[in-house]
Every structure is written in C-alpha cells, then in structure tokens.
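Only one structure is covered here, and it is reproduced in the block below.
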Amino acid sequence: MTTATRSHNMLTLAEVCEELSVSRSTFYDWRAKRRAPRCIKLPNGDLRIRRSDLDHWLDDREDAA
C-alpha cells in the first residue's frame with residue numbers, strides 16, 4: 001500500500017470530531033473511558049483514526065429500531 005493511499009484512509013482528530021459533531025475534549029473523554037474508535041498515536045503525538053475503524057465503531061453503535 002502506498003503512503004498516499006494509506007494517508008487517504010487515515011483521518012485526523014479534527015476530521016473525526018467534525019464528522020461526529022463533537023468537541024476535541026469530548027473525544028478525549030471518550031478515549032479516556034475507552035469508548036472512542038481505535039486510534040493510532042504517531043511519534044509526534046498526533047492521533048490518526050483509520051476510516052475502517054471509525055466506520056466499524058459507528059456500526060457498533062447503530063440502534064436497532
């Protein structure tokens with residue numbers, strides 16, 4: 001997998017928060033409680049979330065009505 005393809009499948013924390021309409025502090029609270037989607041911590045401390053992990057996390061929260 002090329003670096004460009006890999007980075008395309010990775011979301012920044014800002015992108016995830018915008019998509020979920022939550023603040024950064026809310027996301028960090030979820031993460032501390034182990035309720036956030038899986039994250040990858042880069043050597044510089046930034047977080048990335050795989051698109052597939054976010055989609056799976058959202059699917060798990062779908063309410064069966």
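Considering each residue of the stretch 26-35, count those that are in contact with a helix residue (DSSP H, G or I) (Cβ under 7 Å, 6 or more places away or on another chain) and open to solvent by 100 Å² or more (accessible area, probe 1.4 Å), and give that number. Give the derivation first.
Residues of the stretch 26-35 that are in contact with a helix residue (DSSP H, G or I) (Cβ under 7 Å, 6 or more places away or on another chain), as a first pass: 27.
Then keep just the ones that are open to solvent by 100 Å² or more (accessible area, probe 1.4 Å); that gives none.
Adding up the residues that qualify gives 0.
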>> Just the residues that are within 16 Å of LEU58 (Cα to Cα) and under 12 Å from the mean Cα position of the chain (by Cα), please, taken from the stretch 23-36.
In response: PHE27, TRP30, ARG31, ARG35, ALA36
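Going by the structure shown, is SER7 of a type in the set (S, T, N, Q), modelled with pLDDT of 95 or more, out of contact with any strand residue (DSSP E or B) (no Cβ under 7 Å at 6 or more places or on another chain) and loosely packed, with under 14 Cβ neighbours inside 10 Å? Quick ask: steps written out before the conclusion?
Numbers: of a type in the set (S, T, N, Q): yes; modelled with pLDDT of 95 or more: no; out of contact with any strand residue (DSSP E or B) (no Cβ under 7 Å at 6 or more places or on another chain): yes; loosely packed, with under 14 Cβ neighbours inside 10 Å: yes.
So SER7 does not fit the description; no.
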>> Need pairs with beta-carbon distance below 7 Å; first residue open to solvent by 90 Å² or more (accessible area, probe 1.4 Å) and within the stretch 36-63, second assigned to a helix (DSSP H, G or I) and charged (D, E, K, R); sequence gap 6+ or separate chains.
In response: ARG38/ASP53
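The values are calculated or read from the model by the stated rules, or taken from the named source; none is laboratory data. Model, not experiment: these values are computed from the prediction. Because the Cβ atoms are built from the backbone with ideal geometry, glycine has one as well, and the counts that use them run over all protein chains shown. Areas reflect the complete protein model, heavy atoms only, side chains present, ligands, DNA and RNA absent. Shrake-Rupley method; radii C 1.70, N 1.55, O 1.52, S 1.80 Å.
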